Each structure stands twice: as structure tokens, then as C-alpha cells.
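Take a look at the structure below.
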Amino acid sequence: MGSKQKNGSRFGMVIDLDRCTGCGSCMVACAVENNIPPGPLDANERTGNTWIRVQKVDSGLPFPQAQTAFVPVTCQQCGDHAPCVAVCPQNAVEVDPETGVVGQIPERCLGCRYCMTACPYHARSFNWWDPTWPAGMEQTLNPDVSPRMRGVAEKCNFCHGRYHAAKAKAALEGRRELRGEEYVPACVEACPAGAIRFGDLSDETTAVGQAIRDGSAFRLLESVRTDPKIYYRTERPWLRQLAGKRLGKQEKESVRG
């Protein structure tokens, strides 16, 4: 399960795969909240920029036994010994001891993409183009999040702009601790099925803290022992089994859908 971060929380998510409908609302909300520009017309799966992907997978059985599921995959927010942190020559990736979030510092990134190679979840994107928006769309930019320059790796940071805003509000009210409802990432707020829950995994009183202790939650590729803070739930055994595999060629094709 992993230990609590020094002097702070251990923020994470529990995603219910039996509720996820694959609508993509989380992807849209993430892009809007974090000022991720729309990709050029010639962008593809390799060169596009997104912090969360909803992967389609299937059971591999013939009709009528066939089943399909959708798996939202974002940065899994690994533990203190995250692979991306270990390989970055610029110290552009670090685990925040206050939140447990694996942060990406674009000002330090030189674009070598070692972190992308090291990530076993393929949860990072590279910014191949200068950020531009269609005329008028720049008015929708989030003033609390700085757009990143071309040539840097990007990833989910649990909407750090919302975290800092919640901290500022608490400080104005003379509080050091955040209330659970004050800090919620955009994907959690946007999910119409309520499939994504967020909170402090170290706190047994939170919904996510209870969910990872009842034995029903699991993590992707647990065998690589990266201690991720993203948990999943499902009642379908084949889906739990698939989550622990290193996908073969045929299974990757199913994931790409």
C-alpha cells in the first residue's frame, strides 16, 4: 500500500472501472483545466499531447461472451522511488513530500525524454509544438496554470493549480489542513458517472482511504513495484488479470481499440 509521505499527505485516486463509460469527459476537463492546447491536424497517438487516456480493452472472448471495458490511464503517481525521478538528469521530476504527487518542472526539462522511456505506464506526453489556440479560444485559458513551452515532457500533476488555490483559501481562514471537498482535480469533478474518487490515501476516514483497505482495489502492473497512488476497482476477474499483465502485441491492439 505504501507509507505516508513525510510531513504531509498521500493524495491518490480510486477509479471504478465498472462505472466508467469511456465518455472522455475526464480528458476534456483535464485539457481545459491545465491549458493543454488542441493538437495540430497532423498530430497522432505518438505526437499528440494529453495527460490522461481512456483505453478500451476487451476480454478476448468470442461473442456472446465478449466483454469490453474502459480504463482511464494517467500518471500513476509512483512512490518515493519513481522510475522517472531516478532517470531525469535535470532533476525536473520530483516527488513532493507534502502531497506525494510526482511533479514535473518544465523550466528544468531539456526534452531528453528519459522519463517517458522509464515510465512503465506510458503516461507521459512530449510537447512537440509551441502552444497555440484558435482565435478567441485563448480567452478560456486558466490563469492559474502556465502553458508549457515546446520541447518538454508533460504529465498529470493532480491539477496543482487547484491545490495551491485551496491552500491559499485555507491560509486566509487560518487553517493549515484542507477539507476534503476543497481540493478536487478537474477529471474527478467532470466524470458524469462518478467513477473517479480522489483524496488522501493515508487518511482512513476518506472514501479513497477506505476503498484501498477493503481488499477490492488493485493497481496496474503491481509486479514492477513502483508503489502507484492510482487504484482501480472492478468486479470482473478478467479485467483485474489484464491490469497486471505486460501487454502483448494482440492485447495492445485491443487496447488501442
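Are any of the residues in region 74-82 within 25 Å of residue 227 (Cβ to Cβ) and surrounded by fewer than 19 Cβ atoms within 10 Å (Cβ to Cβ)? Yes, region 74-82 has at least one match. Scanning region 64-106 for residues that are assigned to a loop (DSSP other than H, G, I, E, B), of a type in the set (S, T, N, Q) and either in contact with a Gly (Cβ under 8 Å, 6 or more places away or on another chain) or touching a residue at least 60 places away in the same chain (Cβ under 8 Å) (or both) returns 67, 76, 77, 99.
Looking only at residues in region 104-129 that are in contact with a Pro (Cβ under 9 Å, 6 or more places away or on another chain) and over 17 Å from residue 89 (Cα atoms), the one that is surrounded by the fewest Cβ atoms within 10 Å (Cβ to Cβ) is 129. Filtered by the rule that a residue be of a type outside the set (A, V, I, L, M), assigned to a loop (DSSP other than H, G, I, E, B), in contact with a helix residue (DSSP H, G or I) (Cβ under 8 Å, 6 or more places away or on another chain) and closer than 28 Å to residue 178 by Cβ, region 120-147 gives 124, 142, 144.
Taking region 116-131 as the range and being closer than 21 Å to residue 146 by Cα and over 13 Å from the mean Cα position of the chain (by Cα) as the test, the residues that pass are 126, 127, 128, 129, 130, 131. I'd like to check something: does region 31-52 contain any residue that is at pLDDT 90 or above, part of a loop (DSSP other than H, G, I, E, B) and closer than 22 Å to residue 221 by Cα? Yes, some residue in region 31-52 is at pLDDT 90 or above, part of a loop (DSSP other than H, G, I, E, B) and closer than 22 Å to residue 221 by Cα.
Residues in region 191-209 that are more than 19 Å from residue 101 (Cα to Cα) and modelled with pLDDT of 95 or more: 5 in all.
The values are calculated or read from the model by the stated rules, or taken from the named source; none is laboratory data. On a predicted model such as this, the values are computed, not experimentally measured, just so you know. Counting neighbours? That spans all protein chains shown, and the Cβs are built from the backbone with ideal geometry, glycine included.
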